[in-house]
Amino acid sequence: MRRTATICLHWSVLILLMLLLAAGSEHALLSWLFGLAGLAMCALALTGGLLNGPGPALTGALRMAHPWLHRGMYLLLALCALSVVSVQIGTPLPGPAPRDLLITLMGAGLLHGIFNLWRSSALGDGALRRMLPGAVR
């Protein structure tokens, strides 16, 4: 159940992030959907831990960095979700504008995707397959 929820939220957050960047971070419905989905995904990770470990094929510095990079992605997602929602409730967070944070999240997400494509193809560890919805596998 938690894995299914995480997979659904993972891909929903990506789609909502792209839509929010295209429509503008002031778009109320997309902001709320992105914020709630992002916070729900972070809450699942906080309460149940991270789902995807480094796998046996990942070695050395990348293996040691993997859980910390994963946590960093969740931290950035939480910051973006809070920033977008805080604007909707009329109390923007201090610091970077929500759009700047969303662009940063998109860049980090692209690197995350490239890393997992590399893991799946070069290492053959199934990292991408585990996060794809069942209908796409």
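The values are calculated or read from the model by the stated rules, or taken from the named source; none is laboratory data. Since the structure is predicted, the reported quantities are computational estimates derived from the model, not experimental observations. Accessible surface areas use protein heavy atoms only, side chains included; no ligands, DNA or RNA. Shrake-Rupley method; radii C 1.70, N 1.55, O 1.52, S 1.80 Å.
The share of C-alpha pairs in the chain whose separation exceeds 19 Å stands at 51 percent. For the chain, relative contact order (Cα pairs under 8 Å, six or more residues apart, normalised by length) works out to 28 percent.
When Asp125, Asp100 are compared by accessible area at a 1.4 angstrom probe, the order from most to least is Asp100, Asp125.
Counting only protein heavy atoms and a 1.4 Å probe, the chain has 57 square angstrom of accessible area per residue.
The value given for region 56-137 is a Kirkwood hydrodynamic radius of 14.6 Å, derived from the mean inverse Cα-Cα separation.
For Ile7, the accessible area of its heavy atoms, probed at 1.4 Å with every protein chain present, is near 10 square angstrom. Per-atom-type breakdown for the chain gives carbon and sulfur 73% of the accessible area (1.4 Å probe, protein chains only).
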